[in-house]
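Every number in this text was worked out from the coordinates using simple rules, so none of it is lab data. Treat the numbers as computed from the prediction; the structure is a model and nothing was measured. For neighbour counting, all protein chains shown are included, and Cβ atoms are generated from backbone atoms with ideal geometry for every residue, glycine included.
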Amino acid sequence: MLNVRRLKPKAAFLAALFVVVPALAQEALQPPLAEKIRKELTIHGQTRVDDYYWLKERSNPKVVEYLKAENAYADALMKPTEPLQEKLYNEMVSRIKQTDMSVPYFDNGYWYYTRFEAGKDYPVTCRKAKTLKAREEILLDGNKMAAGHSYFNIGGWAVSPDNTVLAYGVDTVSRRQYKLHFKNLKSGKLYPEVIPMTAGFAVWAKDNKTVFYPVIDESLRLYKIFRHTLGTPAESDVEVYHEKDETFSVAVNSSRSRKYIFIFSFSTLTTESRYLDASEPLGEFKVFQPRVRGLEYQPDHLGGKFYIRTNDGAPNYKLMEAEPGRTTKEDWKEVVPHRSDIYLQRFALFKDFLVLSERKDGLSQIRVIPWGEKDGHYIEFNDKAYVAFPTPTPEVETGLLRYTYQSLTTPSTIYEYDMTTRQQAVLKQQEVPGGYRPEDYATERLAAPGYDGTLVPISVVYRKGARDKGPAPLLLYGYGSYGASTDPGFNVMRISLLDRGFVVALAHIRGGSEMGRAWYEAGKLFKKINTFTDFISCGECLVRHGYTVPEKLFAQGGSAGGLLMGAVVNLRPDLFRGVIAAVPFVDVVTTMLDPSIPLTTSEYDEWGNPNDPAYYEYMMSYSPYDNVRPKAYPALLVTTGLHDSQVQYWEPAKWVARLRVTKTDRNPLILKTNLEAGHGGASGRFRRLKETALQYAFILDLAGIKE
């Protein structure tokens with residue numbers, strides 16, 4: 001058991017001195033120091049000393065005082081770069097089309113779309129009846145709704161089957177604690193009931209008055225599904241499912257056919273589904289296939305059959321089908337077999353076609369199979385590095401598939417593809433004001449030998465001519481967790497770096513799924529070290545091949561990618577000039593020992609449970625906070641949000657506090673806390689660019705690139 005002796009923190013802060021300095025690395029400023037208060041944490045008979053454990057006391061005014069002092073120090077240290085930050089911000093804003101609109105899609109008699117108005121941060125969600133020439137009906141105006149809030153986000157929204165009521169979620173704190181609201185679309189008035197502590201979305205039954213929605217507990221785990229009847233108090237809502245296993249979370253969704261409502265229970269390794277006829281909302285949900293540890297499956301329904309993506313005997317997944325009433329896996333029949341070289345990511349059902357999202361050799365593919373055929377065909381793509389995926393299409397009877405395509409140099413483009421004739425047309429391409437020309441930039445695909453000989457893909461982009469004068473400044477980005485792939489997509493903000501001579505590289509390291517499910521399995525639990533050494537190998541490869549040198553090499557990662565940054569600077573601090581660690585998960589062991597912290601229990605299968613001595617020892621071997629040592633570290637910009645629900649603010653705060661008194665170098669160490677936001681930073685399409693401008697100014701200054 002964790003043996004914790006509570007101690008009260010004392011105030012011992014040094015205020016930041018506001019003096020103008022000529023360069024970022026100037027040492028005239030003194031950083032604030034968090035007081036060291038010895039706290040002993042004992043587990044498995046071992047005692048860890050944590051001098052900064054008290055920083056997790058969110059309600060302690062001394063904690064906020066310290067964070068504000070760090071912000072003041074950050075502002076003072078970065079003050080010489082303010083003109084550059086402002087220039088970068090204005091550049092990025094100028095590359096955003098101020099007045100813009102999404103591609104409308106047709107659903108149940110209406111065309112739906114979102115649009116942005118010039119100078120405003122939030123989308124306006126609209127619809128038009130039957131034809132796009134009809135009168136516009138505004139469903140949600142995010143700009144009016146956000147008035148008076150420092151943070152604002154609309155979660156999911158759903159219209160009742162008869163098109164008269166809108167259910168939607170709103171978060172004004174940035175803690176993923178959404179309040180569910182209902183709007184009468186005929187009168188424009190809100191229903192009186194407001195449901196707190198939800199995931200921000202709901203699913204309608206066919207009776208137009210019943211919705212099902214998930215709620216969160218104090219640790220922000222989605223753990224119950226409730227049924228609500230429109231116009232009744234939230235207090236009278238009925239619990240229809242309670243997920244008692246703390247390693248699981250729940251969600252609710254409707255089938256493609258809209259005949260069924262699904263409840264999904266899921267953990268890192270295991271899933272379980274329940275289903276209910278949407279026309280019988282007062283009925284009982286039935287288990288589709290009882291949970292079996294290690295068995296993952298995702299069912300959908302269309303044309304009188306269930307279709308199931310599963311890893312049952314198929315590490316890269318396969319597609320099966322089942323008849324209603326015979327849904328256990330013993331009755332599943334194979335539709336698309338497992339293939340060792342192709343990773344089946346998703347599937348979409350149409351009346352006449354099956355569409356598969358696959359991944360091969362690290363790149364995404366779209367496969368179209370007419371029902372009754374075996375193989376179908378693939379949509380062809382020509383770039384060396386790109387990402388392509390089907391765009392959700394509510395209509396099931398159409399033969400037109402919409403998909404999104406982008407590359408490191410190609411702006412996001414939505415195509416409409418005729419699945420019969422194989423002809424396609426561009427519906428919309430992201431417009432980049434200011435004269436952006438894709439042909440001015442080059443992309444490459446490399447492979448870095450890992451420490452164990454595994455070849456790790458790297459996607460590279462730069463402005464043509466940037467490498468003509470020898471090694472260039474280079475930003476290497478990585479993530480490598482949860483099986484999430486780092487796709488080589490377009491980033492309009494990145495142009496500000498490329499046009500200043502930077503090379504940008506994406507490291508497709510183990511822990512993601514770029515090369516299939518085995519790629520993920522090789523970067524988790526007792527193999528997590530592969531994620532870190534793969535990233536280092538990518539950096540070494542780029543240096544070895546002359547793209548850059550350590551004095552010009554920078555790294556960036558956020559959240560679990562921030563864990564990557566923390567581990568990498570402990571292992572190879574000499575390889576990098578500067579590192580951006582955004583909302584970094586760096587206090588791994590302490591967090592995973594506390595089940596009250598959001599995401600802890602659901603992630604034992606990702607990182608391990610440190611209550612097990614073997615996992616404790618392994619996690620201690622790489623946890624960034626626990627492995628800070630007296631040595632030189634690269635320059636560090638660390639960001640966090642006071643209301644972060646995924647990586648608590650105290651993790652980066654504690655890490656920076658320990659680094660301040662331990663590291664031996666004089667390189668900048670900056671902690672910047674957004675006191676009004678959470679994991680995703682500032683809300684709105686413009687305000688968050690201030691944070692990007694700060695990060696870019698940090699590395700541009702270190703690279704010696706002056707304006």
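Among 390, 54, 700, which residue has its Cα furthest toward the positive end of the charge dipole of the chain, with +1 on Lys/Arg Cβ and -1 on Asp/Glu Cβ?
700
Could you state the angle between the C-alpha long axis of helix 529-544 and the longest principal axis of the C-alpha atoms of the chain, as a value from 0 to 90 degrees rounded to the nearest 10?
70
I'd like the distance between the alpha-carbon centres of region 603-672 and region 455-474, rounded to an integer number of Å.
30
Just name one of 198, 569, 501: the one whose Cα is farthest towards the positive end of the charge dipole of the chain (beta-carbon charges, Lys/Arg +1, Asp/Glu -1).
Checking the options against the dipole of the chain, the answer is 501.
By counting other Cβ atoms within 10 Å of each Cβ, how are 706, 286 ranked from fewest to most?
So the ranking, lowest neighbour count to highest, is 706, 286.
Using modelled backbone amide H atoms (1.01 Å from N, in-plane), which distant-in-sequence or interchain residues come within less than 5 Å of residue 335's amide H?
Sorted by chain and number, the residues that satisfy this are 319, 320, 321.
Please tell me the relative contact order of region 416-556 in percent, rounded to the nearest whole number, where contacts are Cα pairs under 8 Å and at least six residues apart.
26
Please list, in order along region 147-162, the HN-Hα scalar couplings obtained from phi with the Karplus expression 6.51 cos²θ - 1.76 cosθ + 1.60 (θ = phi - 60°), rounded to whole Hz, x for Gly and Pro.
Per residue, the Karplus-derived 3J(HN,Hα) values read 4, x, 10, 6, 9, 8, 8, 8, x, x, 9, 8, 9, 4, x, 8 Hz.
If you average the sequence gap of Cα pairs under 8 Å that are 6 or more apart and divide by the length of region 99-138, what percent do you get for the contact order?
Relative contact order comes out at 31 percent.
How many nm separate the modelled label positions at residue 49 and residue 371, each set 7 Å beyond the Cα in the direction of the Cβ?
7.0
Give a residue-ordered list of calculated ³J(HN,Hα) values for region 460-475 (Karplus: 6.51 cos²θ - 1.76 cosθ + 1.60, θ = phi - 60°; whole Hz; x for Gly, Pro).
So the Karplus estimates, Gly and Pro as x, are 10, 9, 7, 6, 4, x, 5, 9, 5, 9, x, x, 10, x, 9, 9 Hz.
Nearest 10 degrees, 0 to 90: what angle lies between the long axis of helix 82-94 and the longest principal axis of the chain (Cα atoms)?
20
What is the order of 272, 91, 439, 373, fewest Cβ neighbours within 10 Å to most?
Listing 272, 91, 439, 373 from fewest to most nearby Cβ atoms yields 439, 373, 91, 272.
Nearest 0.05, what FRET efficiency do residue 384 and residue 36 give at R0 = 60 Å with Cβ-Cβ as r?
Using R0 = 60 Å, I get an efficiency of 0.75.
With charges only on Cβ, +1 for K and R and -1 for D and E, what is the dipole size of region 342-430 about its Cα centre, in debye, rounded to 20?
Charge dipole, region 342-430, about its Cα centre: 240 debye, nearest 20.
By counting other Cβ atoms within 10 Å of each Cβ, how are 128, 469 ranked from fewest to most?
Placing the least packed residue first, the sequence is 469, 128.
Considering Cα pairs under 8 angstrom that are at least six residues apart, work out the relative contact order of the chain and quote it in whole percent.
Taking the mean separation of contacting Cα pairs over the length of the chain, I get 10 percent.
Starting from 0.36 nm per residue, how many nanometres of slack lie between residue 664 and residue 527 once their C-alpha separation is accounted for?
Gain on stretching residue 664 to residue 527: 46.3 nm.
Taking square-rooted eigenvalues a ≥ b ≥ c of the alpha carbon gyration tensor, is region 254-360 rounded, prolate or oblate, where a/c under 1.5 means rounded and, failing that, a/b exceeding b/c means prolate?
Oblate, because a/c is 1.5 or more while a/b does not exceed b/c.
Taking Cα atoms, how many degrees apart are the long axis of helix 613-622 and the longest axis of the chain, rounded to 10 and kept between 0 and 90?
60
Using the Cα gyration tensor of region 367-472, with a ≥ b ≥ c the square roots of its eigenvalues, what is the shape: rounded (a/c below 1.5), prolate (a/b larger than b/c) or oblate (neither)?
oblate
Which of the three applies to region 137-187, rounded, prolate or oblate, going by the alpha-carbon gyration tensor with a ≥ b ≥ c and a/c under 1.5 meaning rounded?
Oblate.
So what J values fall out for region 302-308 if you push phi through Karplus, 6.51 cos²θ - 1.76 cosθ + 1.60 with θ = phi - 60°, rounded to Hz, Gly and Pro as x?
6, x, x, 10, 8, 10, 10
Once you've got the Cα coordinates, tell me which of 244/524; 333/360; 329/351; 128/186; 68/672; 87/706 are over 19 Å apart.
Flagged as over cut-off: 244/524; 333/360; 329/351.
What is the dipole size for the chain, taken about its Cα centre, with +1 at each Lys and Arg Cβ and -1 at each Asp and Glu Cβ, in debye to the nearest 20?
It works out to roughly 1080 debye.
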